[in-house]
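The values are calculated or read from the model by the stated rules, or taken from the named source; none is laboratory data. Owing to the predicted nature of the structure, the values given are computational and were not obtained by experimental measurement. Cβ placement follows ideal geometry from the backbone for every residue including glycine, while neighbour counts extend to all protein chains displayed.
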There are 2 protein chains.
Amino acid sequence: MPSALAIGIDLGGTNIKGGLCDAAGRLVAQRAVPTEGEHGPDHVIGRMASMARDLLAAAGGQSVRVLGVGAPGPISHARGVIFRAPNLPQWINIPLRDRLSDALPGLVVVLENDANAAAYGEFVAGAGADVEDMAMLTLGTGVGGGVVVAGRLVRGAFDNAGEIGHMIIEPAGRPCPCGQRGCLERYASANAIAERTAEAIAGGARSTLAARVSSGERITSADVLAAARAGDTLAAQVWDSACRYLALAVVNIQHLYNPQLVVFSGGLIQAGAEHLLVPIQRHFDLLRWKIAPDAPRLALATLGTDAGVIGAAALARETLPG
Amino acid sequence: MPSALAIGIDLGGTNIKGGLCDAAGRLVAQRAVPTEGEHGPDHVIGRMASMARDLLAAAGGQSVRVLGVGAPGPISHARGVIFRAPNLPQWINIPLRDRLSDALPGLVVVLENDANAAAYGEFVAGAGADVEDMAMLTLGTGVGGGVVVAGRLVRGAFDNAGEIGHMIIEPAGRPCPCGQRGCLERYASANAIAERTAEAIAGGARSTLAARVSSGERITSADVLAAARAGDTLAAQVWDSACRYLALAVVNIQHLYNPQLVVFSGGLIQAGAEHLLVPIQRHFDLLRWKIAPDAPRLALATLGTDAGVIGAAALARETLPG
């Protein structure tokens, strides 16, 4: 191992997070600053470079030769370009990798999409640290994904592999802004759970959440889970349906990638194993094939919001020889 | 490249096919004999070893150090074992790799499932020879599959990756003998196309095939295509529906693996590009997302029944150093 330390940076719409990671994926130093995206790409890139210099200084005398960046996309890993970033206005076709390389002589810079970086972080140092094949689903505003096959991140020919949220799981289903119908994320993201509940109430379904929805309040997936736990039938149905669609996605992941492990991350996992993994497992056991004992284990992510930093650093380290 | 030639053997229920392949995946010698599976595993393994010796002799003075075998499964690549082979009675937990290694001193033997071997054959020397990421769907009795990511065959943790035929594409759909509902192969295999047509006729649908079905004749997918081309509405609907489900599978493959290329092989591709690729492409263009230009190209396989031999040889060659 020519260099034990690598820098990882996770570029988000609100904050830039960074860390210095050792070869085991442990964070030995961490930084976070507001992104200040309203000042445009040059400003943000300058803040990322400053953070990298700060982390280089934190390494003391130890050699640091690589910097990995996880960024919202679509991006091109091969070209190091961010095509668009939904939460960062003016970020259109920004060659972030080369801009950072120019600002940080001596560092090899690697760009990866944030969902892939987070999945790889869980793979090297989190829920997937003991497996070689895993898939991760990040359940938040949408459903993101990242997949590792035989120890390697799957990028695909167009750097869009692992877009699990846009797997079609209901052929004549709910329209998705992506242009498809029946995408997983239209049923099983945190937003979809809140939205499907509000739609059913607007359509006349009875629920303890009805008064709040009717008054124009925006309910969340946490509200839906709380109502379900308190006995609300509609909320319980919507929550269970989301878990069933996630189980269906796991069946398809099982047959396509055949991993040992499927990890769930993102805001929705605050529901905990009892309310998320247990119902997904129950539906999975009903839905899956019975002819081979090749079911993946289900687990919650363990690294929280550090996964992206750790994964970006680990992916950067892979560019080092030997 | 320490050795230019490798032996590939494709074990089928009816025939054993073998070949001597060069480093470019070209067959420089070929053999085929009836499997004679009714005489049991020992007999068949003896026939495979004889064929390998015959191909070694055909290599003349050239060094041959590896033998790849593609076999029906489920199998374990890692352990070299055939767990079961649907068309080969008595093949239960047969350690085929070690049996052949013992019979053929000096050869390293590699076992792979036949669908993976065929996909890898198309990847090294057929429709996928110019790409790094591809998926193949084999449309026959069922729907088989094999996937290559960044130049490497995807096996998964349990050697069952690429079971594309058991992707669920209709959640409350047709029951499958595997124990699931709505598997792709219950809609888009050659058998499913014939079966769905016969079922519709039995249910009262009008068709030019009705008299044959009612008399107890077993129609084929070729009969359905011929009827569709002659103007039969039911046959055209069933054929088009199969193409639509294949397009849906391609959308999901696009988002999970993101390959440049999706290849179709198997008996159904005798329909030709006009009746298979054109309708799949039309449905795909309607179904797929519109936010990224990352659609795979669709193609027919080019190696026919040689793909398994070529792929098995190429996979065996990968065990060689350098």
request  = Tell me which residues, restricted to region B:103-133, are more than 14 Å from chain A (Cβ to nearest Cβ) and among the polar types (S, T, N, Q).
outcome  = none
query = out of contact with any helix residue (DSSP H, G or I) (no Cβ under 7 Å at 6 or more places or on another chain), farther than 20 Å from B:Asn252 by Cα and within 14 Å of chain B (Cβ to nearest Cβ) - does that describe any residue in region A:251-260?
reply = yes
note = Of those in region A:231-275 that are of a type in the set (A, V, I, L, M) and free of Cβ contacts under 8 Å to residues at least 24 places away in the same chain, the residue nearest to B:Gly165 (Cα to Cα) is A:Leu256
remark   = Counting only helices (runs of 4 or more DSSP H) wholly inside region B:169-231, the ones holding at least 3 residues that are over 25 Å from the mean Cα position of the chain (by Cα) and more than 30 Å from A:Ser241 (Cβ to Cβ) are B:190-202, B:210-214, B:221-229
key: All positions within region A:36-45 that are farther than 18 Å from A:Val108 by Cβ and either in contact (Cβ under 8 Å) with a residue 24 or more places away in the chain or of a type in the set (Asp, Glu) (or both)   = A:Glu36, A:Gly37, A:Glu38, A:Gly40, A:Pro41, A:Asp42, A:Val44
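Let's see how each residue does on (1) surrounded by 20 or more Cβ atoms within 10 Å (Cβ to Cβ); (2) farther than 15 Å from B:Leu107 by Cβ; (3) of a type in the set (A, V, I, L, M):
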{"position": "B:Gly8", "(1), (2), (3)": "yes, no, no"}
{"position": "B:Gly13", "(1), (2), (3)": "no, yes, no"}
{"position": "B:Ala23", "(1), (2), (3)": "no, yes, yes"}
{"position": "B:Pro34", "(1), (2), (3)": "no, yes, no"}
{"position": "B:Ala58", "(1), (2), (3)": "no, no, yes"}
ask   = Does B:Leu88 satisfy being among the aliphatic types (A, V, I, L, M), touching a residue at least 24 places away in the same chain (Cβ under 8 Å) and more than 30 Å from A:His77 (Cβ to Cβ)?
value = yes
remark   = Inside region A:173-220, the number of residues satisfying the requirement of being touching a residue at least 24 places away in the same chain (Cβ under 8 Å) and touching a Leu at 6+ places or on another chain (Cβ under 8 Å) is 13
ask   = Residue check: is B:Ala24 under 22 Å from the mean Cα position of the chain (by Cα), modelled with pLDDT under 95 and over 22 Å from B:Ile75 (Cα atoms)?
value = yes
Selection from region B:261-295 of residues that are aliphatic (A, V, I, L, M) and in contact with a helix residue (DSSP H, G or I) (Cβ under 7 Å, 6 or more places away or on another chain) = B:Val262, B:Val263, B:Leu268, B:Ala271, B:Leu276, B:Ile280, B:Leu287, B:Ala295
query = Taking region A:97-112 on its own, how many of its residues are crowded, with 20+ Cβ neighbours inside 10 Å and assigned to a strand (DSSP E or B)?
reply = 4
note = Of A:Ala222, A:Ala192, A:Ala242, the only residue that is at pLDDT 95 or above and over 30 Å from A:Asp133 (Cα atoms) is A:Ala222
request  = Could you please find all residues in region A:134-162 being assigned to a strand (DSSP E or B) and either at the interface with chain B (Cβ under 7 Å from one of its Cβ atoms) or not small (Gly, Ala, Ser) (or both)?
outcome  = A:Met134, A:Met136, A:Leu137, A:Thr138, A:Leu139, A:Val143, A:Val147, A:Val148, A:Val149, A:Arg152, A:Leu153
note = Here the residues within region B:137-152 that are surrounded by fewer than 24 Cβ atoms within 10 Å (Cβ to Cβ) and of a type in the set (A, V, I, L, M, F, W, C) are B:Ala150
message = Would you confirm whether or not region A:85-93 contains a residue that is modelled with pLDDT of 95 or more, part of a strand (DSSP E or B), of a type outside the set (S, T, N, Q) and at negative phi?
response = no
message = I'd like the full set of residues that are under 19 Å from B:Pro321 (Cβ atoms) and buried (at least 20 other Cβ atoms within 10 Å of the Cβ), limited to region B:65-96.
response = B:Val66, B:Leu67, B:Gly68
inquiry  = Tally up the residues in region A:55-84 that are under 23 Å from the mean Cα position of the chain (by Cα) and not in a strand (DSSP E or B), please.
reply    = 7
note = Selection over region B:163-172 where residues are facing chain A (nearest Cβ under 7 Å) and free of Cβ contacts under 8 Å to residues at least 60 places away in the same chain yields a count of 4
message = So, restricting to helices (runs of 4 or more DSSP H) that lie completely within region B:268-322, which ones have at least 3 residues that are surrounded by fewer than 15 Cβ atoms within 10 Å (Cβ to Cβ)?
response = B:272-275, B:277-287
